[in-house]
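Quick notes on the structure that follows.
Every number here is computed from the coordinates shown, using simple stated rules; none is lab data. Just so you know, these numbers come straight off a predicted model, no measurement behind them. As a convention, Cβ positions derive from the backbone with ideal geometry for all residues, glycine included, and neighbour counts pool all protein chains shown.
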Amino acid sequence: MTTTTSPRVAFQTETCPRCCGTGEMPYSVKAGMCFRCSRKGVVLTKKGEQASSLWHEAMRARRTVAVDDVKVGDRVTIDPRTRCCTVKAISVRPNALGSGDGKGGMVYSDGISLDCGAVSYMVAKGGNVYRAIEHEDVLAVIEIVGADHPGMVLSER
Ligand SMILES: [Zn+2]
């Protein structure tokens with residue numbers, strides 16, 4: 001892995017209008033926590049939301065890889081919001097019960113099992129998984145969103 005630095009990507013936020021940035025709502029049922037910002041005191045602006053959804057959509061497309069192309073040693077996940085893990089073994093499992101898109105309960109006639117040690121993913125043949133984010137992906141997606149998008153905040157790492 002290279003050690004080239006990527007810019008740090010964040011999205012424009014503003015003080016939470018519900019709790020005025022305190023993160024607390026004295027009369028809220030959930031132990032005084034502000035529901036709007038989950039105690040963070042800030043929320044995304046409209047432009048920040050726009051940039052964030054553009055970002056995640058482009059990153060998702062960029063990371064999508066056919067399960068048939070996955071090799072031992074690749075770092076993958078079936079849920080783009082979760083950490084990737086390293087594939088240790090790949091096996092074909094006919095009529096396997098799939099973990100698939102996280103909903104579960106599906107039977108794949110041609111299931112492919114990606115064994116990552118602590119976890120293993122069962123994916124239908126022809127299905128997709130997500131590979132780990134690389135430096136190049138970050139740069140490419142900054143290009144797609146537009147480095148001067150008002151909702152995206154770039155800083156040096
Ligand atoms: Zn709040």
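Counted by Cβ distance under 15 Å from Thr86, the other residues give a net charge of +2, where Lys and Arg count +1 and Asp and Glu count -1. Using a simple spin-label model with pseudo-atoms 7 Å out from Cα toward Cβ, Met106 and Arg60 lie 1.5 nm apart.
Annotation: for a label point projected 7 angstrom from Cα along Cα→Cβ of Arg36, residues of region 11-27 with backbone N closer than 18 Å are 12-27.
Here the Gaussian network model covers the chain, with springs between Cα atoms less than 10 Å apart; of Met106, Met33, Met59, Met33 fluctuates the most. In this label model, Lys71 and Arg93 are separated by 2.5 nm, measuring between points 7 Å along each Cα→Cβ vector.
Sum up the lysine pairs in the chain that clear both bars: alpha-carbon distance under 20 Å and a spacing of 8 or more or different chains. Lysine pairs, 8 or more places apart or on different chains, close enough: 5. Other residues lying with their Cβ under 12 Å from the Cβ of Cys37 contribute a combined charge of +2, Lys and Arg counting +1, Asp and Glu -1. The simple spin-label model puts a point 7 Å past each Cα toward its Cβ; for Arg18 and Val153 those points are separated by 2.0 nm. Legend note: in the chain, cysteines whose Cβ sits 4.7 Å or more from every other cysteine Cβ are Cys20, Cys84.
Once the Cα atoms of helix 46-63 and of the chain are each reduced to a long axis, what angle between those two axes, in degrees from 0 to 90 to the nearest 10, is obtained? Approximately 10 degrees, to the nearest 10.
Can you give me the relative contact order of region 8-155 as a percent, contacts being Cα pairs under 8 Å and 6 or more apart? Let's see the in-between values first.
Details: 277 pairs, mean separation 40.2, N = 148.
Value for region 8-155: 27 percent.
Between the helical axis of 135-145 and the dominant principal axis of the chain, each derived from Cα atoms, what acute angle in degrees is found, rounded to the nearest 10? Helix 135-145 sits at roughly 60 degrees to that axis.
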